[in-house]
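The structure under discussion appears below in the form of C-alpha cells.
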Amino acid sequence: MDNKEKADIGLIGLAVMGENLALNMESKGYRVSVYNRTAPGEEGIVGRFIEGRGKGKNFIGAYSINDLVESVKTPRKIMMMVKAGSPVDELITQLVPYLSPGDVIIDGGNSDFHDTERRVKELESKGFYFVGTGISGGEIGALHGPSIMPGGSPAAWPLVKNILQAIAAKLDDGTPCCQWIGPGGAGHFVKTVHNGIEYGDMQLISEAYSLLKNRIGLDNESLAHVFDDWNKGELDSYLIGITADILRYKEKDTYLLDNILDVAGQKGTGKWSAIAAMDENDPLTLITEAVYARMLSAMQNERKKAAELYPSGGIQDEFIITAEEIRQALYASKLISYAQGFSLLRRASGHYGWELDYGTIAMIWRKGCIIRSVFLQKITDAYGKHPNLENLLFDDFFRSKILATLPAWRKSVAEGIMSGIALPAMSSALSYFDGLKTLHSAANLIQAQRDYFGAHTYERVDWERGKFFHTNWTGEGGKTVSGSYNV
Ligand code: 6PG
C-alpha cells in the first residue's frame with residue numbers, strides 16, 4: 001500500500017465505544033484502519049462495519065493484526081478499545097512483533113492505572129510509546145465528542161495530540177476537553193477519580209430522589225419537574241438532566257423507573273477510587289460510601305430478610321422538609337465530594353510525581369463526560385487563584401456555599417436519620433465536614449487506648465510534635481514501647 005493511502009490511525013475493538021470513536025475520527029478528516037479481535041473477517045464484525053456504518057467513508061478494513069499495522073502510516077498510532085485487564089496485555093503482545101520503534105499504542109479503555117504505569121515502562125523499554133487515556137461520555141460522547149484524559153509516554157503526546165483533540169468535546173470558546181494529564185498512569189488515574197465522582201454524584205441524586213419521593217411524596221412527573229428546575233441553576237449538569245428524562249420515561253402507561261430492580265451494578269472503577277484513597281491515606285468518604293451503597297443494594301436477599309425483621313414504622317413524622325432544602329443538601333454534599341476527589345488527585349500526584357494540573361482537569365470535565373456540569377468551572381477558578389490549594393473547601397466560593405447551605409444540609413440528613421431513610425453519601429459528607437473543622441477531636445482517646453493496650457505511644461499537646469510518650473497505665477506494663485511508625 002502506498003504511504004499516501006495508508007491510514008492516519010488504527011483502531012482495534014469495534015464494540016460500541018470503538019465503533020463510535022472510529023466514526024468520530026473519520027468525520028474529522030482522518031483515515032482510520034479498523035480491526036476487531038473476534039470475528040475480524042469480511043463476513044464478520046470488521047466487514048459488517050465497513051459495509052454498514054462505515055460505508056462510503058474513509059476507512060480501511062483490516063482482517064488481521066499484520067494487515068492493521070501495515071495499513072497505518074509511521075510512526076504508527078494504534079488505539080485499543082478493548083476490555084480492561086488481560087485482553088489489553090494479550091493485544092499488546094500480539095501487536096509488538098509488527099511494530100517499528102517510535103510507534104504509539106493508545107489504550108482508551110477503563111484500565112487500572114497500575115497496569116498503565118507498568119505498560120508504559122515495558123513498551124518504552126522496547127522503543128515504543130504507550131498512552132493510557134481515559135475517555136468519558138458513553139457511546140454518544142464517543143461519537144460526538146468525549147472528554148479525553150491522556151497520560152503515559154510524554155514523547156507520544158505531540159504525535160497523538162491533534163487527533164485526540166479533534167475528536168474531543170469542545171468548550172464554548174473552542175478549547176478541546178482533552179489535554180495532556182501527565183506521565184505513567186496519570187491519565188487512567190484521573191479517569192478513575194472521574195468515575196468515582198460519577199458514583200458519588202449518582203448516589204447523591206438517588207438520595208435526593210429518595211427524600212423527595214418518600215418524605216415529600218412527589219410522584220414521578222413532579223419529581224421530573226423538580227430535577228428540570230434544578231438543572232437550570234447551580235446544579236446544571238448532565239446527570240441531573242438525564243434524571244428528569246428517566247423519571248418521565250414511560251413504557252405504555254407505566255413509568256419504566258418503577259419497574260427497574262433496585263440492585264446497582266458496577267464495573268470496578270468506583271471501587272478503584274476507594275482503594276486508591278486507602279492507599280494514599282486520603283479520606284474519600286463520600287465516593288467510598290457510594291460504592292458501599294451499590295454493594296448493599298446488591299444484597300437483595302439480606303435486604304428482604306431485614307425488611308421483614310425490621311418493618312418501617314414508629315418513625316417520627318412531624319419533620320417538614322422542602323425540595324429546596326434537599327437541593328441545598330445535594331449541592332453541599334457535592335462540594336464535599338469534589339473536594340475529596342481533588343484531594344485524592346493531589347495526594348496521588350505527589351506520590352507518583354505526575355504534577356497534575358487540577359484546574360485543567362476540571363476544565364476537561366466541563367463538557368463531553370458523564371460528570372459534566374457548570375459547577376466544574378468553579379473548581380478551575382479556584383485552582384486558577386491558588387494552584388496549590390490544599391483543599392477546595394478553603395476556597396472562598398466553596399466556603400460561602402457551604403456556609404449558606406449548611407442548615408438545609410443538616411436538616412436533610414436529620415430528616416433521613418429520623419425517618420429511617422438511608423443517606424450514606426449526604427451524611428458521610430456532613431461527618432467529613434464536621435470532622436475536618438473540629439479543632440480538638442476525640443482522637444486523643446484513640447491514642448490513649450492504643451498506648452494503654454499496646455504501648456503504641458502518643459504525642460502531647462504540651463510538647464512539640466514528633467516527641468512520643470508512653471505511660472505505664474496499669475502499673476503492670478514495662479518500659480518497652482511499640483514502634484511509633486505509621487502506615
Ligand atoms: C464514562 C463512564 C464509563 C463507565 C461506565 C460503567 O465516563 O463514560 O464512567 O466509563 O465505566 O459507565 O460504570 P459502572 O458500571 O462502574 O457504573
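The numbers here are math on the coordinates, done by the rules we state, and not lab data. Computed from a prediction, not measured in an experiment: that's the story for all the values here. No Cβ is skipped: glycine too gets one built from the backbone with ideal geometry, and neighbour counts run over all protein chains shown.
Brief remarks on what is shown
- Across region 278-285, coupling constants 3J(HN,Hα) worked out from phi with the 6.51/-1.76/1.60 Karplus curve, θ = phi - 60°, read 4, 4, 8, 6, 10, x, 8, 5 Hz, and Gly and Pro carry x.
- Residues ARG53, ARG366, ARG460 in ascending order of nearby Cβ atoms (within 10 Å, fewest first): ARG460, ARG53, ARG366.
- Between 0 and 90°, nearest 10: helix 376-385 axis offset from the chain longest Cα axis: 80 degrees
- Converting the Cα gyration tensor eigenvalues of the chain into ellipsoid dimensions via √(5λ) gives semi-axes, longest first, of 44, 31, 21 Å.
- Other-chain or far-sequence residues with amide H under 5 Å of HIS456's (modelled H): ASP451, SER482
- Rounded if a/c under 1.5, otherwise prolate or oblate - region 385-487, Cα gyration tensor axes: oblate
- Crossing angle, helix 300-309 versus the chain [Cα axis fit, 0-90 degrees, rounded to tens]: 20 degrees
- Loop-resident sites, region 205-252, for chymotrypsin sites (Phe, Trp or Tyr not before Pro), counting at most 16 other Cβ within 10 Å (DSSP): TYR249
- Between LYS437 and ASP462, the FRET efficiency estimated from the beta carbon spacing at R0 = 22 angstrom works out to 0.40.
- Formal net charge of residues neighbouring ALA169 (Cβ-Cβ distance under 10 Å; K, R +1; D, E -1): +4
- Here r is the Cβ-Cβ distance between ALA414 and HIS225 and R0 is 25 Å; the resulting FRET efficiency, rounded to 0.05, is 0.45.
- Residues with amide H under 5 Å from that of GLY152, placed H, sequence gap 5 or more: GLY132, GLY182, GLY184, ALA186, GLY187
- Each Lys and Arg adds +1 at its Cβ and each Asp and Glu adds -1 at its Cβ; summed about the Cα centre, the chain shows a dipole of about 640 debye.
- Beta bridge orientation in the chain: antiparallel %, DSSP, nearest 5: 35 percent
- Neighbour-count order for CYS369, CYS177, fewest beta carbons within 10 angstrom listed first: CYS177, CYS369
- Along region 72-82 the Karplus relation, 6.51 cos²θ - 1.76 cosθ + 1.60 evaluated at θ = phi - 60°, assigns HN-Hα couplings of 10, 4, 8, x, 6, 10, 10, 9, 10, 10, 10 Hz to successive residues, with x for each Gly and Pro.
- Summing Cβ point charges (Lys, Arg +1; Asp, Glu -1) relative to the Cα centre of region 191-267 gives a dipole of roughly 200 debye.
- For region 466-482, Karplus couplings with θ = phi - 60° (6.51, -1.76, 1.60), whole Hz, Gly/Pro x: x, 9, 10, 10, 9, 10, 8, 4, 9, x, 9, x, x, 9, 5, 10, 6
- Each Lys or Arg adds one and each Asp or Glu takes one away; over the other residues whose Cβ falls under 10 Å from the Cβ of TYR338, this sums to +1.
- Nearest 10 degrees, 0 to 90: helix 113-125 Cα axis against the chain principal axis: 40 degrees
- GLU464, GLU5, GLU19 arranged by Cβ crowding within 10 Å, fewest neighbours leading: GLU464, GLU5, GLU19
- Interchain or long-range residues, amide H under 5 Å from ILE106's placed H: ILE78, MET79, MET80, VAL131
- Gain on full extension, evaluated as 0.36 nm per residue between ASN281 and ASN388 minus their Cα-Cα distance, stands at 36.6 nm.
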